[in-house]
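One structure below.
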Amino acid sequence: MPDDGAPSLVRDLSLSGPEPFVIEGASVLLPDRAEQMAVRVEGGVITGLDMAVDGARRVPAPGMILAPAMVDIHGDAFERQLMPRPGVMLPMEAALLETDRQLAANGIATAYHALTLSWEPGLRSVATGWEMFRALSALAPRLTVEHRLQLRWETFCHEAIPLIEAALSGPVRPSIAFNDHTSMALLHPDTPLQDRPFDHDPAFPVVDMDSAAFLEKMDARAKRSHTTPAAFVAQIREIWARRPSVPGVIADVAALGRAAGVPMLSHDDSRPETRRFYRDLGARTSEFPMNMATAQAARDAGDAIIFGAPNAARGGSHLGSPGAADMIRAGLCDILASDYYYPAMLGAVARLLSDGVGTLAQLWPLIAANPARASGLHDRGTIAPGLRADLVLLDWPTGATPVVRQTWVQGRAAYGAIASGPQSLG
């Protein structure tokens, strides 16, 4: 067998779930350490560590790292495939098939698509949400990774409730994220976004919707919505009139989520009061808390805390929110999500490892075991006998940028690639 292992990767693309195989020679990332050992897979499940090959196909992986495949709890990069330029929409099925390839190539075996359900027309409309919900159902037999929906519900969008109900009764359990970008859009510019009051505070500071500055601010949203800034401002003014009824509708949607037993999250919390409000409704995950006090309140209550992987990969937030690395060091971050860039999950771990934030065994749960557990998916995220064979094989020479060479989803080869030249894996 050639030393570089390339033929084994090409041949391995023919693997199907039921066919037993053993990955040999890799450094295997276990919950508490990395250790060179063989991993046996059969019927889509990890059946043993360092056990006899017993007739299984051998997959040599010398010098590589074998890790649990990633679980992305919040990612909206699919929007880039659907709308690659503002106002330019492409066919839904083609966009989702391309997204599927990107996920597999980045070692992500389970993806929660942050599907914004908003009163806005266009990309983030309820109509687009229905189209994606139906397309994912139709495409399921052709997809290589496990696609789930995060119903990123804009709390002023009452029209989304029938879609939420349909998704909750579907075969693949979604999550619900409570999202209030309406109040954020109407926040008075004198108040920093990270310090805004509780969204339902009667004294919430509101921008002058007649100002030229607000009209200009809404330009990008208008393009995304296939409308003009003036029409968008008129619509958001009309939607803002719903504000008195919003808390009651939030309670109704939370009751639907509790009845269905799905994980629930709140998005961009800016106050401990905000986090408490959603926790009391059953949302036990804080997604992108916007300041230290809110993250600490979530930690004190035992809530899971998510930050963006791009934040960690870049070394800071583009919005001025807390840095993910600092929050990890402070014990205030459990999960890193791809957010708007799928490669950021692996890139974040590489950056954090290089910066000495933790060991690989300490950091990898941020993108695998922890998001799986917060999502109630206890059958994946860790390499152990009896769990799903969702695995990723990494070419990661010391001091170099890691690259995914193979991704398995329930023992099926979802992605495989080889280097064009000799691999210096040693």
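Please treat every number below as a calculation from the coordinates, not as lab data. Please read all numbers here as calculations on a predicted model, not as lab measurements. Reconstructed Cβ throughout: ideal geometry from the backbone, glycine too, with neighbour counts over all protein chains shown.
Bin width 10 Å, origin at 0, all Cα-Cα pairs of segment 352-425: what percent of pairs per bin?
17, 41, 34, 8, 0
Name the residues whose placed amide hydrogens come within less than 5 Å of the amide hydrogen of Glu120, ignoring near sequence neighbours (fewer than 5 apart) on the same chain.
Amide H neighbours of Glu120: none.
Once amide H atoms are placed 1.01 Å from N in the peptide plane, what residues at a sequence separation of 5 or more from Leu187, or on another chain, have their amide H within under 5 Å of its amide H?
Answer set, sorted by chain and number: Val207.
Taking 7 Å along the Cα-to-C-beta vector as the label spot, tell me the Val206-Glu19 distance in nanometres, rounded to one decimal.
Taking the two extended label points, one gets 6.3 nm.
Can you compute the modelled spin-label distance between Thr228 and Ala419, with each label point 7 Å from Cα toward Cβ, in nm?
5.8 nm
May I ask you to compute the full-extension gain from Ala255 to Arg80, defined as 0.36 nm times their residue separation minus their alpha-carbon distance, rounded to one decimal in nm?
59.8 nm
Enumerate the calculated ³J(HN,Hα) couplings along segment 360-369 in order (Karplus 6.51 cos²θ - 1.76 cosθ + 1.60, θ = phi - 60°), each rounded to whole Hz, writing x wherever the residue is Gly or Pro.
Here the 3J(HN,Hα) series is 4, 5, 7, 8, 4, x, 4, 10, 9, 5 Hz.
Which parts of segment 162-189 would a label at Ala213 reach, counting a residue when its backbone N lies under 19 Å from a point 7 Å out along Cα-to-Cβ?
Residues 183-189 qualify, since their backbone N sits under 19 Å from the label point.
With the dipole of segment 70-374 worked out from charges on the C-beta (+1 for Lys and Arg, -1 for Asp and Glu) around the Cα centre, which of Met209, Trp364, Met89 lies farthest toward the positive end?
Trp364
At R0 = 30 Å, how high is the FRET efficiency between Glu35 and Met89 if r is their beta carbon distance? Nearest 0.05 is fine.
0.05
To one decimal place, what orientation-averaged projected area in nm² is obtained for the convex hull of the Cα set of the chain?
The Cα convex hull of the chain, projected and averaged over all directions, gives 20.3 nm².
Can you give the calculated 222 nm mean residue ellipticity of the chain, where each DSSP H run of n ≥ 4 adds -39,500 (n - 2.57) and the sum is split over every residue, rounded to the nearest 500 deg cm²/dmol?
-9000 deg cm²/dmol
Amide H of His74: which non-local residues (sequence gap of 5 or more, or other chain) have their own amide H closer than 5 Å, using H built in the peptide plane?
When sequence neighbours closer than 5 places are left aside, the close amide H contacts are Tyr112, Ser338, Asp339.
Going by Cα centres, segment 310-371 and segment 220-269 are how many Å apart?
Here the answer is 28 Å between Cα centres.
For segment 283-339, max minus min Cα coordinate along each principal axis, in Å, sorted largest first?
29, 19, 18
Could you give each residue of segment 253-265 its phi-based ³J(HN,Hα) in whole Hz, using Karplus coefficients 6.51, -1.76, 1.60 with θ = phi - 60°, and x for Gly or Pro?
5, 4, 5, 4, x, 5, 5, 7, x, 9, x, 10, 9
Measure nothing fancy, just the Cα-based angle from helix 229-240's long axis to the longest principal axis of the chain, in degrees from 0 to 90, nearest 10.
In the chain, helix 229-240 runs at an angle near 80 degrees to the longest axis.
I need the phi-derived Karplus couplings for segment 172-189: 6.51 cos²θ - 1.76 cosθ + 1.60, θ = phi - 60°, integer Hz, Gly and Pro marked x.
So the Karplus estimates, Gly and Pro as x, are 10, 5, x, 10, 10, 10, 7, 9, 10, 7, 5, 4, 4, 5, 9, 5, 4, x Hz.
Across all directions of projection, what mean area in square nanometres is found for the Cα convex hull of segment 125-210?
Across all orientations, segment 125-210 yields a mean hull projection of 7.7 nm².
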